[in-house]
Structures are given as C-alpha cells and as structure tokens.
Amino acid sequence: MISLNFTPRELEIVNLVRRGMTNLQIAGQLGIAKNTVKKHLTHVFEAVDNRSELAELADSGLVKL
C-alpha cells in the first residue's frame, strides 16, 4: 500500500504537475525556488513512480486536490 499523506504545498505542486508544468514553471508560479519544488516532489515520488502515475492517481480521485 502506498502512502498518499501529502502536505498542502505538495498537493498544490501535484495539481500543477497534473497541468503539465515543469519544475521551473511551478517554481515561478508559486514564487519558490526550483530546488524547493524538487524537494517537495522527492517526497511525492516516494509514493508514486512518475508524473504520469501521479496524474492518473489525481484523475482517479485517490489524491484529493
């Protein structure tokens, strides 16, 4: 079983990933450093393998946005 206990900021980033944004675009949108986005996604990708799987989980409702 995978853990989907994401923080509010991680969920915000997941939503932007789901829209197809790059880490650099996400950083600009949120006004944070690209490395901060990367750090949040590191935690997210402990639960999912890649951006496609993340989008599928979000679309299926397993990740509440």
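Just a few scattered comments:
- In the range 13-39, residue nearest to the chain's Cα centre (by Cα) [restricted to those that are surrounded by fewer than 16 Cβ atoms within 10 Å (Cβ to Cβ) and of a type in the set (Gly, Ala, Ser)]: 20
- Picking from residues in the range 1-39 that are part of a loop (DSSP other than H, G, I, E, B) and of a type in the set (Val, Ile, Thr), the one that is modelled with the lowest pLDDT is 2.
- Residues that are of a type in the set (Gly, Ala, Ser) and not in a loop (DSSP other than H, G, I, E, B) were ranked within the range 40-57; the one that is surrounded by the fewest Cβ atoms within 10 Å (Cβ to Cβ) is 52.
The values are calculated or read from the model by the stated rules, or taken from the named source; none is laboratory data. Quantities reported herein were computed from a predicted structural model and do not represent experimental measurements. Cβ: placed from backbone, ideal geometry, glycine included. Neighbour counts: every protein chain shown.
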